[in-house]
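Inspection log for the structure reproduced underneath, given as C-alpha cells.
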Amino acid sequence: MTDFTMKTDADGVATITWDTQGKSMNVMTLEGWVELEALIDQALADDAIKGVILTSGKPGSFAGGMDLKVIAKMKEMAGDNPAKGLFDGIMNAHRIMRKIERAGMDPKTNKGGKPIACALPGTALGIGLEIPLSCHRIFAADNPKAKIGLPEIMVGIFPGAGGTTRLVRKMGAMAASPFLLEGKLSDPKKAKSAGIVDEVVPADELLSAAKDWVLNAKDADIVKPWDQKGYKMPGGAPYSPSGFMTFLGAAAMVNGKTKGVYPAAKALLSAVYEGALVPFDTALKVEARWFTNVLMNPSSSAMINSLFVNKEALEKGANRPDVADETVRKVGVLGAGMMGAGIAYVSAKAGIEVVLIDSTQEAADRGKSYSTGILDKGISRRKVTEEQKADLLARITATTEYAALEGCDLIVEAVFEDPSVKAEVTAKAEAVIPEDAIFATNTSTLPISDLAKASKRPEQFIGIHFFSPVDKMLLVEIIKGKETGNRAVAKALDYVRQIRKTPIVVNDARFFYANRCIIPYINEGIRMVKEGVAPALIENAAKLVGMPLGPLQLVDETSIDLGVKIAKATKAAMGDAYPDGAVDEVLFWMADEGRLGRKSKSGFYAYDDAGKRQGLWDGLAAKYPVADEQPELIEVQHRLLFAQVLEAVRALEEGVLEDIREGDVGAILGWGFAPWSGGPFSWLDMLGTPYAAERCDQLTETYGDRFSTPDLLREMAGKGQSFYGRFGPQAKKAA
Ligand code: NAD
C-alpha cells in the first residue's frame, strides 16, 4: 500500500501527495501514519530538500478524516488493555504531527527547521484538518464547495489528534468553540477569516503559492506561537479576567445544551481547560487522555456506529435489492399540501423534474410557492443565488392536469389521509404514467397493502414515508407492502439517495416503525400526568436522558387533536386489546377544553399571543393534582425509554424491522431518540439484555403489561446475547 508518495523538484521542494488507494477521499489509516512519518523523516534528513508541501492527489479534497475503523483496530491490537492501545496509538499520531511541527529545528534556538506547508485542494475534515494544523502554513484552494472543519463532536467524539489543543492555542477558546463544540464547517474563505487556514488562493495557483512560501520562509516563520517564549493564549488563559468568563460560561452553556449526557462534550471542555494550564506537549497528553476516555465510553462507539458507520452503509444501499439503477428523472407529487410541497422542493433541489398536482390550481400554486419561500430565505442569507432559485423553480410544474404526469418514473402521493381519496388519485395517475413507473404513498397511518389494492400494479406500489418538515428531517421510511417487488424498493432507495436523506426499509404494520415507537413515548408521558407525576419532572426526565422534546411538548407540537384521532382509530382497530384508556381520558379532556397544542396556543404548555411557549400550563394541576410523593428520576426515565425500545424490539420480533441498524439509525434521525445511546438496540446492548429483561419484569409488575418482556428479549437474556452480536451485520454475514 502506498497512500503517500514524495517527489522533489529542481528547487529542492519536496511534495508529499496523499492519495488513499481505493477511496474517493483520503482517510487516515494505521499504515498511512507509518508512510507519512517515513517520508517526513526522509525529507528532514535529506540536505537537498529545502522544504515540503503536503497535499492531496484527490481533486477537490484533502482528506475526509480518520478511518473510524482504526479505533476498533487499535483497541483490538492492545488485547486485554484496550485503553492503553488507544492512548499509545493517539500519542503516536501526536508524535508524528509534532515532528512535522518542529520540522527538525533546534529545541533551544528554534532555528534550522524546514518549512512545511499544507496545500488543501478542497475539503479537509477531522484528521484532514488536524494534520494541516500541525504544518507551518495552510494554503486552501478557493473552492467554495470545500468544507473545512472538525466535525468529530457530531459522531460522539472530539478532535483528539491535536486539533483541540492547536485550534484553541491558535485562535483562543472562545473563537474555537463553534468549531470544536458544534462541529461548525466553513468554506475556505470563511475558514480564512476565522483564522483556521492562512491563505486562500486560486485552485491553479495552489501548489505554486505554497512553493513560493516554502522557498522564502525564514526561521521565525515556521515557529508556532506556542513554541515561542512568552506565548499568551488569544482571549486569555482560564485564570485571566477574560479567560475566566469564557471558561465559566462555556461549562454552563455546554451542560445546558447537552444536559450532561454527551461524554464527548464534557471531555472536550476538560481537555481545553486543563490543556490551557500546562505547556503544549503536556496539553497534547491531556488531550490524548480525554480522547481515550471518550473512546472507551460505550456511548461514543454506539454513536460512531449509528451516526457514521451504519448511517453511511444504509445511505450507500446496504439493503438495496440487486437490481439495475433506478435513478429518478421525473417525479409526480400528488397533493400540494404541507407534505407534498416539501417533497416537491427536496426533489427539485436534487435536480429532479417535478409535476406537483392538487385539485385546484390555487392549491397547486400555493404548494409551489413553499419552495419560493425557502429559496427567498436562502437568498437573504446568501446561501442561494437568484439563478439557483430560478433553476429550481423551473423544475416544478404546478398543475391540476393529470396528463402532465406523462413520463414520470415515480409518483409520490400525499393527498388527504383518506383511503377513498387516495384510491381515486392512484387510478387517475396510473391511467397516465408509464407501465413501469413506481407509485409511492406518503401515508402515515394507512396500511400500504390495503392502499395497494387501488393499484393496477401492486408489485410497483410502495410506501415512502417522509417526516415533517420534509426539507429538514433526515430520515425517510420506506415501507414494503405484501406484494411490493424489489424494483419498487430499489426505486425508493435510489430516490432517497438522490434527495440526500437516510433511508430505512421496513415491512407493513400499524404505524410502520417510527410512529409505532414514538406514540408509546407520548402516551407514557400523558399517563404519568394522570397518575399525579409532576409534569415538570416528566419533561425534564426526558430531556435529561437526551430526548430532544419531552412527551408533553411533543404532543403539543404534533397537536392534541391528531393524538385524539390516532387514539380513536387505534381503539377501533384493536378493540378490547386497546391498552391506552387512561391516556385517552387526559387527551380527550384536553381536546374538549380546546387545548389542542401549539397551533391553538394552548396545550400542556401555556403560550403567549405570538405562540411562544411560556412554560407548563398551571391549570393542569386542578384536574390532575400533583401527588405528594414523586417517583425517582431514573424511574420516570426508564418508563419513557422502555416504552419506546420495547416497541422497537417487538418490531424486530414481528419482522417489521429486518435490520437493527435501521432500527437504531431510524430512531435517532426519525424522532431524536437519545442520540448518545446510539439508538434503542445499542442502548439495550449497553444495559445488557439480562438487566434489560429484569427491568422490564419490574416495570410490568408496577405499571402493567405494556412493559412485558418480549419473548425475543427474554430468550436473548437467557443466553446472554447482545442485539449487535446476534443481529448485527457481522452476525448476518456469518449466518
Ligand atoms: P394536507 O392537508 O396539508 O395536504 C393534502 C393536500 O392534498 C391538500 O393540498 C389537498 O388539496 C390535496 N388533495 C386532496 N384531495 C386531492 C385530490 N383528489 N387530488 C389532488 N389533490 C388533493 O396534508 P399533509 O399534512 O400534507 O398530509 C398529506 C399526506 O401525508 C397524508 O397521507 C398524511 O398522512 C401524510 N403525512 C403527513 C405528515 C405530517 O406531519 N403532516 C407526515 C408524514 C406523512
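The values are calculated or read from the model by the stated rules, or taken from the named source; none is laboratory data. All figures in this text were calculated on a predicted structure; none of them were measured in a lab. In this analysis, Cβ positions are derived from the backbone assuming ideal geometry, glycine residues included, and neighbour counts consider all displayed protein chains. Note: areas computed on protein heavy atoms with side chains; ligands, DNA, RNA excluded. Shrake-Rupley method; radii C 1.70, N 1.55, O 1.52, S 1.80 Å.
If you stretched the chain out fully between Leu562 and Ala252, how much longer would it get, using 0.36 nm times the residue separation minus the C-alpha to C-alpha distance? Before the final figure, lay out each step's value.
Working: separation 310, 0.36 × 310 = 111.60 nm, distance 3.73 nm.
Residue separation times 0.36 nm, minus the Cα-Cα distance, leaves 107.9 nm.
Given 0.36 nm per residue, what is the gain on full extension from Glu31 to Val421 after removing their alpha carbon distance, in nm? Intermediate values should be presented prior to the final figure.
Numbers: separation 390, 0.36 × 390 = 140.40 nm, distance 6.02 nm.
Length gained, Glu31 through Val421: 134.4 nm.
Which length gain, in nm to one decimal place, applies between Ala622 and Asp325 when the Cα-Cα distance is subtracted from 0.36 nm times their residue separation? Don't jump to the answer; show the numbers that get you there.
Numbers: separation 297, 0.36 × 297 = 106.92 nm, distance 6.04 nm.
Extra length from Ala622 to Asp325 when fully extended: 100.9 nm.
Among bridges DSSP assigns within the range 4-296, what percent are antiparallel (round to 5)? Don't skip to the answer; put the middle values down first.
Numbers: 7 of 29 bridges.
Percent antiparallel among DSSP bridges in the range 4-296 is about 25.
Hey, what do the phi angles of the range 362-376 turn into as Karplus ³J(HN,Hα) couplings, whole Hz, using 6.51/-1.76/1.60 and θ = phi - 60°, x for Gly and Pro?
With coefficients 6.51, -1.76 and 1.60, one gets 4, 5, 5, 5, 4, x, 5, 5, 4, 5, 4, x, 5, 5, 4 Hz.
Let me check I've understood the local charge: for Gln553, count other residues with C-beta under 12 angstrom from its C-beta, Lys and Arg +1, Asp and Glu -1. What total comes out? Let's see the in-between values first.
Details: positive: Lys543, Arg598, Arg613; negative: Glu539, Asp556, Glu557.
For residues surrounding Gln553, the net value is 0.
How far apart, in nanometres, would the label points at Lys543 and Ala577 be if each is projected 7 angstrom from Cα along the Cα-to-Cβ direction?
3.8
I'd like to know which of Met528, Gly546, Gln630 lies farthest towards the positive end of the charge dipole of the range 515-633, counting +1 on Cβ of Lys and Arg and -1 on Cβ of Asp and Glu.
Gly546
Can you put Val309, Val294 in order of accessible area, largest first, using a 1.4 Å probe?
Val309, Val294
Quote the convex hull volume per residue of the chain, based on C-alpha atoms, as a whole number of Å³. List each step's numbers first, then the result.
Working: hull volume 135.9 nm³, N = 735.
Taking only Cα atoms, the chain has a hull volume of 185 Å³ per residue.
Pop out the ³J(HN,Hα) list for the range 409-422 in order, Karplus 6.51 cos²θ - 1.76 cosθ + 1.60 with θ = phi - 60°, rounded to Hz; leave Gly and Pro as x.
Along the range 409-422, the couplings run 9, 9, 10, 10, 8, 9, 8, 3, 7, 9, x, 6, 5, 5 Hz.
Before rounding to the nearest 500, sum -39500 (n - 2.57) across all DSSP H runs of length at least 4 in the chain and divide by the residue total; then give [θ] at 222 nm in deg cm²/dmol.
Working: 32 runs with 365 residues, N = 735.
After summing the helix terms and dividing by the residues of the chain, the value is -15000 deg cm²/dmol.
Kindly sort Lys571, Lys383 by accessible area of their heavy atoms, largest first, with the probe set to 1.4 Å.
The ranking, largest first, comes out as Lys383, Lys571.
Within the range 390-494, report the chymotrypsin sites (Phe, Trp or Tyr not before Pro) that DSSP leaves as loop and that have at most 15 other Cβ atoms within 10 Å. Please list the in-between numbers first.
On the way: sites: Tyr402, Phe416, Phe439, Phe461, Phe466, Phe467; in loops: Phe416, Phe467.
Within the range 390-494, the qualifying chymotrypsin sites (Phe, Trp or Tyr not before Pro) (loop, at most 15 other Cβ atoms within 10 Å) are Phe416.
Return the subset of Lys192/Lys501; Lys75/Lys733; Lys530/Lys565; Lys389/Lys599; Lys311/Lys472; Lys114/Lys229 for which the Cα-Cα distance in this structure is over 24 Å, preserving the input order. Show your work: numbers first, answer last.
Values: Lys192/Lys501 30 Å; Lys75/Lys733 22 Å; Lys530/Lys565 20 Å; Lys389/Lys599 30 Å; Lys311/Lys472 17 Å; Lys114/Lys229 20 Å.
Where the Cα-Cα span goes over 24 Å, the pairs concerned are Lys192/Lys501; Lys389/Lys599.
If r is the Cβ-Cβ distance from Ala431 to Ser24 and R0 is 51 Å, what FRET efficiency results, to the nearest 0.05? Don't skip to the end; give the middle numbers.
Values: r = 43 Å, r/R0 = 0.85.
The value I calculate is 0.75.
What is the packing order of peptides 548-556, 353-361, taking the mean over residues of other C-beta atoms within 10 Å and listing the highest first?
Values: 548-556: 22.9, 353-361: 20.8.
Ranking the peptides 548-556, 353-361 by packing returns 548-556, 353-361.
Quick check: the angle from helix 486-498's long axis to the longest principal axis of the chain, C-alpha only, nearest 10 degrees?
Helix 486-498 and the main axis of the chain meet at about 50 degrees.
Would you calculate the separation in nanometres between label points at Asn216 and Thr385, each defined as 7 Å from the Cα along the Cα-to-beta-carbon direction?
A separation of 3.2 nm, rounded to one decimal place.
Measure out, as a whole number of angstrom, how far apart the alpha-carbon centroids of the range 8-68 and the range 561-603 sit.
Result: 62 Å between the Cα centres.
Given a Förster distance of 56 angstrom, what is the FRET efficiency for Lys453 paired with Ala45, based on the Cβ-Cβ distance and rounded to 0.05? Don't skip to the answer; put the middle values down first.
Values: r = 76 Å, r/R0 = 1.36.
With R0 = 56 Å, the Cβ-Cβ based efficiency is 0.15.
Of the DSSP beta bridges with both residues in the chain, give the percent that are antiparallel, rounding to the nearest 5. Don't skip to the answer; put the middle values down first.
Numbers: 17 of 65 bridges.
If I count the DSSP bridges inside the chain, around 25 percent turn out antiparallel.
If you filter the range 433-519 for trypsin sites (Lys or Arg not before Pro), then keep DSSP loop positions with at most 10 other Cβ within 10 Å, what is left? Let's see the in-between values first.
Working: sites: Lys453, Lys456, Lys472, Lys480, Lys482, Arg487, Lys491, Arg497, Arg500, Lys501, Arg510, Arg516; in loops: Lys456, Lys472, Lys482, Arg500, Lys501, Arg510.
Qualifying residues, ordered by number: Lys472.
Write out the cysteines belonging to the chain for which the nearest other cysteine Cβ is not under 4.7 Å, or none if no such cysteine exists.
Cys408, Cys517, Cys696
List the trypsin sites (Lys or Arg not before Pro) in the range 350-381 that DSSP assigns to loop (not H, G, I, E or B) and whose Cβ has at most 16 other Cβ atoms within 10 Å. Which are they?
Values: sites: Arg366, Lys368, Lys377, Arg381; in loops: Arg381.
Sparse-neighbourhood loop trypsin sites (Lys or Arg not before Pro): Arg381.
For every other residue with a beta carbon closer than 13 angstrom to the beta carbon of Glu435, add +1 if it is Lys or Arg and -1 if Asp or Glu, then tell me the sum. It would help to have the intermediate numbers written out before the result.
Values: positive: Lys456, Arg457, Arg487; negative: Glu406, Asp409, Glu430, Asp436, Glu459.
Charge balance near Glu435 sits at -2.
Can you compute the equivalent ellipsoid semi-axes for the range 515-633, i.e. the square root of 5 times each eigenvalue of the Cα gyration tensor, sorted largest first and rounded to whole Å?
21, 18, 14
Which angle between 0 and 90 degrees, to the nearest 10, do you get for helix 581-592 versus the longest principal axis of the chain when only C-alpha atoms count?
Its long axis makes an angle of about 90 degrees.
Heavy atoms of the protein only, probe of 1.4 Å, neighbouring chains included. What is the accessible area of Glu531 in Å², nearest 10?
90
If you fit an axis through the alpha-carbon atoms of helix 633-653 and take the longest principal axis of the Cα set of the chain, what angle between them do you get, 0 to 90°, nearest 10?
80
Output ³J(HN,Hα) for the range 667-672: one whole-Hz value per residue in order, computed from phi by the Karplus curve 6.51 cos²θ - 1.76 cosθ + 1.60 with θ = phi - 60°, and x for Gly and Pro.
5, 6, 7, x, 9, x
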